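The values are calculated or read from the model by the stated rules, or taken from the named source; none is laboratory data. Just so we're clear, the structure is a prediction, and the values are computed from it rather than from any experiment. Cβ placement follows ideal geometry from the backbone for every residue including glycine, while neighbour counts extend to all protein chains displayed. All accessible areas refer to the heavy atoms of the entire protein, side chains included, with ligands and DNA or RNA removed. Shrake-Rupley method; radii C 1.70, N 1.55, O 1.52, S 1.80 Å.
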Amino acid sequence: MSSPLIPDDVIERIRSRAAGYDRDNAFPHDDLDELTRLGYLRLFSPIARGGLGLGLAEVARAQRRLAAAAPATALAINMHLVWTGVAKALHDRGDDSLAFVLDEAVQGEIFAFGNSEAGNDLVLLDSRTRADAHPDGSYSFTGRKIFTSLSPVWTRLGVFGRDDTSPDAPKLVHAFIDRAADGYRIDEDWDTLGMRATQSHTTILEGVTAPADRVFRRIAPGPSADPLVFAIFANFEVLVAAVYAGIADRALELAVEAAHRRTSLKSGGRPYASDPDIRHRVAEAGIALDALAPQIDRMAQDVDGLVDHGAAWFAKLVGLKVRATETARLVVDQAIRVTGGSAMSNSSELGRLYRDVLAGLFHPSDDESAHATVANSLLGPVAE
């Protein structure tokens, strides 16, 4: 099916390059160039500011389609879209503290996330990075950030760290640094099992300074009702869910093709599409995948529509992410069983999807964290 955002011919070119980027452990520059020309960097920016003016539901559908062609490309550009989606979500709720993100996305700036830290299972609720305040309102950051997707191309990196010295400390300080700034370095250490083209290198902050006008939040550590925290969780979880749903879409498509292509000597040369066990596997994958679209659409539409789920929002969002990533793993697994030993080949697209889908285990919120969030929502906190 054609899309007004990504025409079929562009999708096919992106799909044709995906295996090479994975093999070479290289960033998909050609994909980014094509998507930029289509206006993909400015999907969330308002039409009045030169953007396409889309909401989260429309962007999630586009990302699902892109991920079916090239999962790593979709996951990488997700990080830019999360920041622009955060800026839009805040704007929709009367907060223009990130209006410059929407404007600069139109101008071609590429935003990336420098939030993840090894050993920080509190994610956005605390940080192991040090944030040092300066009299002019700027901050310097010292720490180590992992999984920095878009490392070869970002021009604006969102970072956060902990300020323990200001009079109202402690505070978690959120800011953007510029690629041209001094005081950071990129360790090109991304050589992974899957999602290789995201090029999510480690970023080492060595006192890099964010100017005062790029310091956009100071929040107390711990759970927070600040709209920024909600906006980050909402956009991240919905768009990650969309990417993994796209992987599952393609895996099911490949499974159906394989079932019709493969024949069984045992059954006199009939296609495996007539084998009851194969039919059951394909049906199981289809039933599981069919449930994702309405869930992703509903969550995205609720974000766009300013629906107030109150404290239940976080349980709903982490639940969506876990369901999407786990469903995608199930669908890919069934597709491999249907396809047979050819999926073991390094040239197999399905084999690459199998490696890519495993990354879903590690995105926030992981399975343990998600279950703790939902348990707290349903049962309340653990009794002292």
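Are there any pairs with C-beta distances below 7 angstrom linking a residue in segment 63-90 that is under 22 Å from N25 (Cα atoms) and in a helix (DSSP H, G or I) to a residue that is among the acidic types (D, E) and open to solvent by less than 10 Å² (accessible area, probe 1.4 Å), with the two at least 6 apart or on different chains, and if so which?
P71/D356; A72/D356; T73/D31
Provide a single number: the residues in segment 210-220 that are assigned to a loop (DSSP other than H, G, I, E, B) and surrounded by 16 or more Cβ atoms within 10 Å (Cβ to Cβ).
So in segment 210-220, the residues assigned to a loop (DSSP other than H, G, I, E, B) come out as 211, 220.
Imposing the further condition that a residue be surrounded by 16 or more Cβ atoms within 10 Å (Cβ to Cβ) reduces the set to 211.
Qualifying residue count for the region: 1.
Pairs please, first residue from segment 204-224 and over 18 Å from S116 (Cα atoms) and in contact (Cβ under 8 Å) with a residue 12 or more places away in the chain, second anywhere and surrounded by fewer than 15 Cβ atoms within 10 Å (Cβ to Cβ) and of a type in the set (K, R), Cβ atoms under 7 Å, 6+ apart in sequence or on different chains.
none
Only one of these is of a type in the set (K, R) and in contact (Cβ under 8 Å) with a residue 60 or more places away in the chain: R352, R337. Name it. Give the derivation first.
Numbers: R337 fails: in contact (Cβ under 8 Å) with a residue 60 or more places away in the chain.
After ruling out the rest, the residue left standing is R352.
Here is a list: P167, P223, P211, P227. Which entry is of a type outside the set (D, E) and modelled with pLDDT under 95?
Values: P167 fails: modelled with pLDDT under 95; P211 fails: modelled with pLDDT under 95; P227 fails: modelled with pLDDT under 95.
Unique residue meeting the criteria: P223.
Working only within segment 257-292, note down all residues that are small (G, A, S) and either assigned to a loop (DSSP other than H, G, I, E, B) or open to solvent by less than 40 Å² (accessible area, probe 1.4 Å) (or both). Explain how you work it out, then say what you get.
Filtering segment 257-292 down to residues small (G, A, S) leaves 258-259, 264, 267-269, 273-274, 283, 285-286, 288, 291.
Within segment 257-292, A258, A259, S264, S267, G268, G269, A273, A285, G286, A288, A291 qualify.
Looking at this structure, is A57 in contact (Cβ under 8 Å) with a residue 60 or more places away in the chain, in contact with a helix residue (DSSP H, G or I) (Cβ under 7 Å, 6 or more places away or on another chain) and crowded, with 24+ Cβ neighbours inside 10 Å? Break it down into steps so the answer makes sense when it comes.
Numbers: in contact (Cβ under 8 Å) with a residue 60 or more places away in the chain: yes; in contact with a helix residue (DSSP H, G or I) (Cβ under 7 Å, 6 or more places away or on another chain): yes; crowded, with 24+ Cβ neighbours inside 10 Å: no.
Considered against the rule, which asks whether it is in contact (Cβ under 8 Å) with a residue 60 or more places away in the chain, in contact with a helix residue (DSSP H, G or I) (Cβ under 7 Å, 6 or more places away or on another chain) and crowded, with 24+ Cβ neighbours inside 10 Å, A57 comes out as no.
Where residues in segment 340-370 are part of a helix (DSSP H, G or I) and of a type in the set (D, E), which of them is most open to solvent (accessible area, probe 1.4 Å)?
Here is the first cut: in segment 340-370, the residues part of a helix (DSSP H, G or I) are 341-344, 349-361, 367-370.
Restricting the remaining residues to those that are of a type in the set (D, E) gives 349, 356, 367-368.
On the way: E349: 41, D356: 5, D367: 65, E368: 130 Å².
By that ranking, first place goes to E368.
Out of everything in segment 221-256 that is of a type outside the set (A, V, I, L, M, F, W, C) and out of contact with any helix residue (DSSP H, G or I) (no Cβ under 7 Å at 6 or more places or on another chain), what residue ends up being most open to solvent (accessible area, probe 1.4 Å)?
Of all residues in segment 221-256, those of a type outside the set (A, V, I, L, M, F, W, C) come to 221-224, 226-227, 235, 237, 244, 246, 249-250, 253.
Within this subset, residues satisfying the condition of being out of contact with any helix residue (DSSP H, G or I) (no Cβ under 7 Å at 6 or more places or on another chain) are 224, 226, 253.
Details: S224: 33, D226: 37, E253: 88 Å².
Here the residue is E253.
Please find, within segment 166-189, the residue that is farthest from Q107 (Cα to Cα) out of those that are β-branched (V, I, T) and crowded, with 20+ Cβ neighbours inside 10 Å.
Pass one, segment 166-189, residues β-branched (V, I, T): 173, 177, 186.
From what's left, crowded, with 20+ Cβ neighbours inside 10 Å: 173, 177.
Values: V173: 26, I177: 17 Å.
Checking each candidate, the answer is V173.
Assigned to a helix (DSSP H, G or I), surrounded by fewer than 18 Cβ atoms within 10 Å (Cβ to Cβ) and not acidic (D, E): is that true of L306 in this structure?
Values: assigned to a helix (DSSP H, G or I): no; surrounded by fewer than 18 Cβ atoms within 10 Å (Cβ to Cβ): yes; not acidic (D, E): yes.
No; evaluated as a whole, the condition is false for this residue.
Filter segment 114-165 down to residues that are open to solvent by 10 Å² or more (accessible area, probe 1.4 Å) and of a type in the set (V, I, T), then give me how many there are.
Count: 6.
Can you list the strands (runs of 3 or more DSSP E) found entirely within segment 93-198 that contain at least 1 residues being under 26 Å from V318 (Cβ atoms)?
Values: elements: 111-114, 130-133, 139-148, 156-163, 171-178, 184-187.
Those strands (runs of 3 or more DSSP E) span 111-114, 139-148, 156-163, 171-178.
Do we have any residue at all in segment 310-332 that's polar (S, T, N, Q), surrounded by 22 or more Cβ atoms within 10 Å (Cβ to Cβ) and in contact (Cβ under 8 Å) with a residue 40 or more places away in the chain?
Narrowing segment 310-332 to residues polar (S, T, N, Q): 325, 327.
From what's left, surrounded by 22 or more Cβ atoms within 10 Å (Cβ to Cβ): 325, 327.
Then drop every residue that is not in contact (Cβ under 8 Å) with a residue 40 or more places away in the chain, which leaves 325, 327.
Checked against the condition, which is being polar (S, T, N, Q), surrounded by 22 or more Cβ atoms within 10 Å (Cβ to Cβ) and in contact (Cβ under 8 Å) with a residue 40 or more places away in the chain, segment 310-332 yields at least one hit.
Is it true that T198 is polar (S, T, N, Q), open to solvent by less than 30 Å² (accessible area, probe 1.4 Å), under 30 Å from S16 (Cβ atoms) and touching a Leu at 6+ places or on another chain (Cβ under 6 Å)? Show your work before the answer.
Values: polar (S, T, N, Q): yes; open to solvent by less than 30 Å² (accessible area, probe 1.4 Å): yes; under 30 Å from S16 (Cβ atoms): yes; touching a Leu at 6+ places or on another chain (Cβ under 6 Å): yes.
So T198 passes the test.
Restricting attention to segment 230-249, does a residue exist that is in contact with a Ser or Thr (Cβ under 8 Å, 6 or more places away or on another chain), more than 28 Å from A359 (Cα to Cα) and in a helix (DSSP H, G or I)?
Filtering segment 230-249 down to residues in contact with a Ser or Thr (Cβ under 8 Å, 6 or more places away or on another chain) leaves 237, 240-241, 244-245, 248.
Those left that are additionally more than 28 Å from A359 (Cα to Cα): none.
No, segment 230-249 contains no residue that is in contact with a Ser or Thr (Cβ under 8 Å, 6 or more places away or on another chain), more than 28 Å from A359 (Cα to Cα) and in a helix (DSSP H, G or I).
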